[in-house]
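Peer 1: One structure, pasted below without further comment.
The values are calculated or read from the model by the stated rules, or taken from the named source; none is laboratory data. Since the structure is predicted, the reported quantities are computational estimates derived from the model, not experimental observations. Cβ: placed from backbone, ideal geometry, glycine included. Neighbour counts: every protein chain shown.
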Amino acid sequence: MLYSKAINSFVDLLFPRSCISCSSHLDFYEKMLCLNCQLELPQTGFHLEKENPLYKKLLLNFPLENAAALFRFQKEGSVARMIHQFKYNRQAKIGRYLGKWLGYTLMESPYFKSLDGIIPVPLHPSKKRTRGYNQAEIIAEPLAKQLQIPLINKSLMRVKKTKSLARIDHDARWKEVDEAFAMKQPLPKSFEHLLLVDDVITTGATLNACACTLLKNSQVKLSIVSLACRL
Ligand SMILES: [Zn+2]
């Protein structure tokens, strides 16, 4: 134990790492985020409350079992900065790290127990090529491992190339994602309850479009999780 601590400290001296949120130097026992930032990030605690504000917001648009998000999303806050790095600067490791954190959170929750599979919100293939990966899939991979359920990424697909929703107003978003998704392969008949995963939930327009496509084409029940949400 002491021996590995010494090796880690030595590796740290040679290859100093910095916190992805505040850029301060990381100690060998810290992964990606310094302890201070870990404690200060605005966690929602929604996984411990069935009728939480995100659940109530999404329920206005489609039927769902449970909803949770790890953090509150504030413009220009540390969560927004990390997610920006993850999505637009090819920092998939940030998404894997936060996805694992989300997984541990869901394992503490009494509401995400009876799931049969995980569906990441799909990206249009051309956007996936440009970005290098689908960010929702990067988050969903560690979740699938921790919850020990399959990742389903060949059933739901994005058929319409939508504009970046961050740049258009509230009403236009709903119109933009309308009919953006379709089923490419039917879901296995044995699946009763699926977890739909996205990076950030703002208006809920994208999730609503995905959920409507899934609910129209199968008998499944849906639950939702994301790294962050704006209410
Ligand atoms: Zn920090």
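Peer 1: Scan the stretch 43-58 and tell me whether some residue there is within 16 Å of the ligand (Cβ to nearest atom), modelled with pLDDT of 90 or more and in contact with a Phe, Trp or Tyr (Cβ under 9 Å, 6 or more places away or on another chain). Before you say what the answer is, go through the steps one by one.
Peer 2: Start the filter on the stretch 43-58 by keeping residues that are within 16 Å of the ligand (Cβ to nearest atom), which leaves 43.
Now narrow it down to the ones that are modelled with pLDDT of 90 or more: 43.
From what's left, in contact with a Phe, Trp or Tyr (Cβ under 9 Å, 6 or more places away or on another chain): 43.
Yes, because at least one residue in the stretch 43-58 is within 16 Å of the ligand (Cβ to nearest atom), modelled with pLDDT of 90 or more and in contact with a Phe, Trp or Tyr (Cβ under 9 Å, 6 or more places away or on another chain).
Peer 1: Let me ask something else about it. So, of the residues in the stretch 27-40 that are within 8 Å of the ligand (Cβ to nearest atom) and assigned to a loop (DSSP other than H, G, I, E, B), which turns out to be farthest from LEU70 (Cα to Cα)?
Peer 2: CYS34
Peer 1: Look at the stretch 58-117 and say how many of its residues are part of a loop (DSSP other than H, G, I, E, B) and of a type outside the set (Lys, Arg). Write out each step before concluding.
Peer 2: Of all residues in the stretch 58-117, those part of a loop (DSSP other than H, G, I, E, B) come to 60-66, 73-77, 89-91, 108-116.
Add one more test, that the residue is of a type outside the set (Lys, Arg), and what stays is 60-66, 73-74, 76-77, 89, 91, 108-112, 114-116.
Final tally of qualifying residues: 21.
Peer 1: With SER126, SER109 as the choices, which residue is out of contact with any helix residue (DSSP H, G or I) (no Cβ under 7 Å at 6 or more places or on another chain), away from the ligand (no atom under 16 Å from the Cβ) and of a type outside the set (A, V, I, L, M)? Write out each step before concluding.
Peer 2: Values: SER109 fails: out of contact with any helix residue (DSSP H, G or I) (no Cβ under 7 Å at 6 or more places or on another chain).
When all the criteria are applied, what remains is SER126.
Peer 1: Quick check on SER114: is it surrounded by fewer than 17 Cβ atoms within 10 Å (Cβ to Cβ) and touching a His at 6+ places or on another chain (Cβ under 7 Å)?
Peer 2: Numbers: surrounded by fewer than 17 Cβ atoms within 10 Å (Cβ to Cβ): yes; touching a His at 6+ places or on another chain (Cβ under 7 Å): yes.
It is true that SER114 is surrounded by fewer than 17 Cβ atoms within 10 Å (Cβ to Cβ) and touching a His at 6+ places or on another chain (Cβ under 7 Å).
Peer 1: Run SER78 past the list (1) within 16 Å of the ligand (Cβ to nearest atom); (2) surrounded by fewer than 18 Cβ atoms within 10 Å (Cβ to Cβ); (3) of a type in the set (Gly, Ala, Ser) and report the number of the one that doesn't hold.
Peer 2: (2)
Peer 1: For the condition surrounded by fewer than 13 Cβ atoms within 10 Å (Cβ to Cβ) and over 17 Å from ILE94 (Cβ atoms), what is the one hit in PRO53, PRO16?
Peer 2: Working: PRO53 fails: surrounded by fewer than 13 Cβ atoms within 10 Å (Cβ to Cβ).
The conditions single out PRO16.
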